[in-house]
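A.B. asks: Here it is, the structure in full.
The values are calculated or read from the model by the stated rules, or taken from the named source; none is laboratory data. Predicted model only: the values in this text are computed from it and were never measured. Here the Cβ positions follow ideal geometry from the backbone for every residue, glycine too, while neighbour counts run over all protein chains shown.
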Amino acid sequence: MTSVPRLEDNRTESTLGTPGYRRFVLWDLDHTLLDPAGFGQRSIRSAFSELFGFPSPDGVSVAGRTDRAIIAEFIAATDPALTDRQDEVQELAAEIAERTRSEFRSRGGTTLPGATAAVEALGSRGDILESVLTGNLEGIGRIKVTELGLDKHLDLSSAAFGDAHTVRADLVAHARDRAEAANSTRFEGRSMIIIGDTPLDVEAASAHGAFAVAVATGKYSVADLAAVGADAVLPDLLELDLLLTQLDV
Ligand SMILES: [Mg+2]
């Protein structure tokens, strides 16, 4: 366990004289809150082969990357002339996900241990704005969150999805701007807490001076995540008490 400095309190930075939220917690979805069981990847690969008549390539890294980046690499690796059809792939993937949404849970999509309790515990405190920062396309991410009942405490009007950006770190500014528009509160630096399972989640937090909490429930170990500079690393979300202590909430 790494030692953790106290977080900044955003209360004095809130605007319009409202009490505001002290902190903005942004949750990653896949392998952090939930096991996606391949749901999004199936939707994207089906869209790709339906549109182009040949399969998407294997061997493309997906961990922590945005769906936009993954699709762009699929196209670049097969036929770069199809680059201008990127948005078509994304739209069809979201349609296929909607059409097959019952398969998300029936084929194994589920919350990870401690995830629901962690989201509820933070959400019940009232001074923490909780949302999502994920590389998932919005149509896919929303299905996962709602099918698993995680949407009750997550403010999806402040969420950042992987439709528009290929660089995960760019999603942080997007979420912060949406949170400010929706809640009249500007979050800066370590009043933002980003929780994810990959080095790219940590990198996204670091790029904006946010507090990076890493959980080793994906393909990366506690040691891997500590090595890339996460402010706190947990083996899983079952260590909720430890997480809350670390976050000073
Ligand atoms: Mg993830």
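A.B. asks: When residue 126 is evaluated against the numbered criteria (1) assigned to a loop (DSSP other than H, G, I, E, B); (2) at pLDDT below 95; (3) at negative phi, which criterion, by number, is the only one it fails?
C.D. replies: Result: residue 126 passes all but (3).
A.B. asks: Let me ask something else about it. Among the listed residues 238, 247, which satisfies the condition of being hydrophobic (A, V, I, L, M, F, W, C) and in contact with a strand residue (DSSP E or B) (Cβ under 8 Å, 6 or more places away or on another chain)?
C.D. replies: Checking each option against the conditions leaves just 247.
A.B. asks: So which residues in region 36-60 are within 15 Å of the ligand (Cβ to nearest atom) and either part of a loop (DSSP other than H, G, I, E, B) or surrounded by fewer than 19 Cβ atoms within 10 Å (Cβ to Cβ) (or both), if there are any at all?
C.D. replies: 36, 37, 38, 41
A.B. asks: Cβ-Cβ below 8 Å, separation at least six or inter-chain, first residue in region 74-94 and in a helix (DSSP H, G or I), second of a type in the set (Lys, Arg): which pairs?
C.D. replies: Close Cβ pairs (under 8 Å, with a partner that is of a type in the set (Lys, Arg)) amount to 75/85; 86/68; 90/68.
A.B. asks: A further question follows. Residues of region 61-77 being charged (D, E, K, R), over 30 Å from residue 238 (Cβ atoms) and within 16 Å of the ligand (Cβ to nearest atom), which ones?
C.D. replies: 68
A.B. asks: Yes or no: region 22-30 includes at least one residue that is at pLDDT 95 or above and out of contact with any strand residue (DSSP E or B) (no Cβ under 7 Å at 6 or more places or on another chain).
C.D. replies: yes
A.B. asks: Could you list all residues from region 101-119 that are out of contact with any strand residue (DSSP E or B) (no Cβ under 9 Å at 6 or more places or on another chain) and either surrounded by fewer than 14 Cβ atoms within 10 Å (Cβ to Cβ) or small (Gly, Ala, Ser) (or both)?
C.D. replies: 102, 106, 107, 113, 114, 117 - these are the residues of region 101-119 that are out of contact with any strand residue (DSSP E or B) (no Cβ under 9 Å at 6 or more places or on another chain) and either surrounded by fewer than 14 Cβ atoms within 10 Å (Cβ to Cβ) or small (Gly, Ala, Ser) (or both).
A.B. asks: Here is a follow-up. Determine if region 130-144 includes at least one residue that is in contact (Cβ under 8 Å) with a residue 24 or more places away in the chain, over 24 Å from residue 103 (Cα atoms) and touching a Gly at 6+ places or on another chain (Cβ under 7 Å).
C.D. replies: yes
A.B. asks: Having 3 or more residues that are more than 16 Å from the ligand (Cβ to nearest atom) and of a type outside the set (A, V, I, L, M) is the bar; report the helices (runs of 4 or more DSSP H) wholly within region 153-249 that clear it.
C.D. replies: The qualifying helices (runs of 4 or more DSSP H) are 170-183, 240-247.
A.B. asks: Check 64, 108, 20 and return the single one that is more than 25 Å from residue 212 (Cα to Cα), outside any helix (DSSP H, G or I) and of a type outside the set (Asp, Glu). Walk me through it before giving the result.
C.D. replies: On the way: 64 fails: more than 25 Å from residue 212 (Cα to Cα); 20 fails: more than 25 Å from residue 212 (Cα to Cα).
None of the other options fit; the residue is 108.
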